[in-house]
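A.B. asks: Here you go, one structure.
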Amino acid sequence: MSNLIKCKLCGSLHKTEEMYEVNPNTDAEFYACDTCIHNREIFRCSDCSNYYTLDYYWGNYDGSPICTHCEIRYFVCEHCGGVFPDTEINYDEDADANFCSDCMEERQMNLDELIQDYYYKPDPIFYGESDENAYLGVELEVDNTDGNYDNKLIYRAAETLSDDYSSQLYLKHDGSLSRGFEIVSHPCTLDYHYNQLGWQEVMETCTNGTLRSHDTSTCGLHVHLSRNFFGDSQEIQDLHISKLIILVSKFYDSHLLKFSRRKPSELRWCENPAIVCENNDTEHTIVDKMKQFKSKGRYMAVNLENQNTIEFRLFKGTLNFNTFIASLQLVMEISRYAICTELKDIPTTSWGDIFMHTKFTELKNYLKEKELI
């Protein structure tokens, strides 16, 4: 009879041949059952095919994870920040740098003049008037991963965006994208995004340039909200942001994932914060939980690593204006609710308490379309 091994994650017993080895050849090696191996905290390295916990995650190549043991066979493109095997990296003597094939081609078409490096971060310019510091910065990823890729059309789209919207927007490379770029806005009020920035024309330009967002596996819509919106002091900000994280955790699986349009395979970029408000929690203990959550890194539904903003990473990318605006409106609605609601009332808050009576037309219509109200 085969020996039985206990799954470290759930404690169930299984035959040896039915178990999966996790973190092999490390001090943290253990076995997991077939159910637990698909936990989002475990990934399978696309190079060596071994299973690892996120402690051994190094990066991803073409959307597939690479472990720290296999990183020696991969390089980071010094232009887009993407990870590539050594067979797909080109060394540029003039720049004394390694570039992936796409970036080398883009450099030859002068896309560098239009699309900034991944680490580019200009001083923010604020658009619109807001007494409550309700400024939203948007990162909309667009890409092209199918057979109709046309580098010239993409170049023209980037050129149009750079020429016509250079005051409010800028373009950046992102290593998670195959052939596209990230459209980043300066901080704007919701009204400015809606009425003045010109997002509908921006989205049309992208579509005409063979770029996509929703119908890809690579694109997200990230929304930054000013920390100052949550209060004048660090103490007040921490409390309100903690309540927000609890609400996001509470409705992550039941409502927010459906709203986000993301597939299960895309959730590693926006994990559930999983913070719960217990009956004996106080403002102090809740803030402590929030600070511990911050150490989990930026690939969470709400990223707290930025100094001046919190980043909502939930949403899948979109070139549909109404869906785009509804996503920004959801950020404002749930954030305002967190600010205006006492901590003691957060555990009993329902989804309907937050959104049933929203006055945002696009948000209300989208929630009805998704059968979320």
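A.B. asks: What residue, among those in the range 134-179 that are of a type in the set (Val, Ile, Thr) and in contact with a Ser or Thr (Cβ under 6 Å, 6 or more places away or on another chain), is modelled with the highest pLDDT?
C.D. replies: Taking the candidates together, the pick is VAL138.
A.B. asks: Separate question: For GLU78, which of the numbered conditions (1) in contact with a Phe, Trp or Tyr (Cβ under 9 Å, 6 or more places away or on another chain); (2) free of Cβ contacts under 8 Å to residues at least 24 places away in the same chain; (3) surrounded by fewer than 17 Cβ atoms within 10 Å (Cβ to Cβ); (4) not aliphatic (A, V, I, L, M) fails to hold?
C.D. replies: Going through the list (1) in contact with a Phe, Trp or Tyr (Cβ under 9 Å, 6 or more places away or on another chain); (2) free of Cβ contacts under 8 Å to residues at least 24 places away in the same chain; (3) surrounded by fewer than 17 Cβ atoms within 10 Å (Cβ to Cβ); (4) not aliphatic (A, V, I, L, M), GLU78 breaks only (3).
A.B. asks: Being over 24 Å from SER213 (Cβ atoms) and touching a residue at least 12 places away in the same chain (Cβ under 8 Å) is the filter here; which residues of the range 320-345 pass it?
C.D. replies: Result: TYR337, ALA338, ILE339, THR341, LEU343.
A.B. asks: In this structure, does LYS296 turn out to be surrounded by fewer than 19 Cβ atoms within 10 Å (Cβ to Cβ) and in a helix (DSSP H, G or I)?
C.D. replies: no
A.B. asks: Confirm whether VAL184 is assigned by TED's automatic domain parsing to the domain that holds THR216, under 18 Å from GLY63 (Cβ atoms) and modelled with pLDDT of 85 or more.
C.D. replies: No.
A.B. asks: I'm told PHE230 meets every condition in (1) in contact (Cβ under 8 Å) with a residue 12 or more places away in the chain; (2) out of contact with any helix residue (DSSP H, G or I) (no Cβ under 7 Å at 6 or more places or on another chain) except one. Can you identify the failing condition by its number?
C.D. replies: (2)
A.B. asks: May I pose another question? Take the residues in the range 205-239 that are touching a Gly at 6+ places or on another chain (Cβ under 6 Å) and over 22 Å from ASP62 (Cβ atoms), then tell me which one is surrounded by the fewest Cβ atoms within 10 Å (Cβ to Cβ).
C.D. replies: GLN237
Yes/no per residue for (1) modelled with pLDDT under 90; (2) touching a strand residue (DSSP E or B) at 6+ places or on another chain (Cβ under 9 Å); (3) among the hydroxyl-bearing types (Ser, Thr, Tyr):
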{"site": "GLU21", "(1), (2), (3)": "no, yes, no"}
{"site": "ASP27", "(1), (2), (3)": "no, no, no"}
{"site": "ASN60", "(1), (2), (3)": "yes, yes, no"}
{"site": "SER64", "(1), (2), (3)": "yes, yes, yes"}
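A.B. asks: Among the candidates THR348, THR309, single out the residue that is touching a residue at least 60 places away in the same chain (Cβ under 8 Å) and either surrounded by 15 or more Cβ atoms within 10 Å (Cβ to Cβ) or in the same structural domain as GLU182 (by TED's automatic domain parsing) (or both).
C.D. replies: That would be THR309, the only listed residue that is touching a residue at least 60 places away in the same chain (Cβ under 8 Å) and either surrounded by 15 or more Cβ atoms within 10 Å (Cβ to Cβ) or in the same structural domain as GLU182 (by TED's automatic domain parsing) (or both).
A.B. asks: For the range 86-102, name all the residues that are part of a helix (DSSP H, G or I) and exposed (fewer than 11 other Cβ atoms within 10 Å of the Cβ).
C.D. replies: Selection gives ASP86, THR87.
A.B. asks: Which of the following residues is surrounded by 13 or more Cβ atoms within 10 Å (Cβ to Cβ), of a type in the set (Asp, Glu) and either at pLDDT below 95 or over 21 Å from VAL138 (Cα atoms) (or both): GLU283, GLU342, GLU278?
C.D. replies: GLU283
A.B. asks: Okay, moving on. Take the conditions over 28 Å from CYS270 (Cβ atoms), among the β-branched types (Val, Ile, Thr) and touching a Phe, Trp or Tyr at 6+ places or on another chain (Cβ under 8 Å) and apply them to ILE66. Does it pass?
C.D. replies: Taking the combined requirement at face value, the residue does not satisfy it.
A.B. asks: Could you grab me the full set of residues in the range 48-68 that are buried (at least 18 other Cβ atoms within 10 Å of the Cβ) and not in a strand (DSSP E or B)?
C.D. replies: Residues satisfying the conditions are ASN50, TYR56.
The values are calculated or read from the model by the stated rules, or taken from the named source; none is laboratory data. None of the values given here were measured: they were computed from a predicted structure. As a convention, Cβ positions derive from the backbone with ideal geometry for all residues, glycine included, and neighbour counts pool all protein chains shown.
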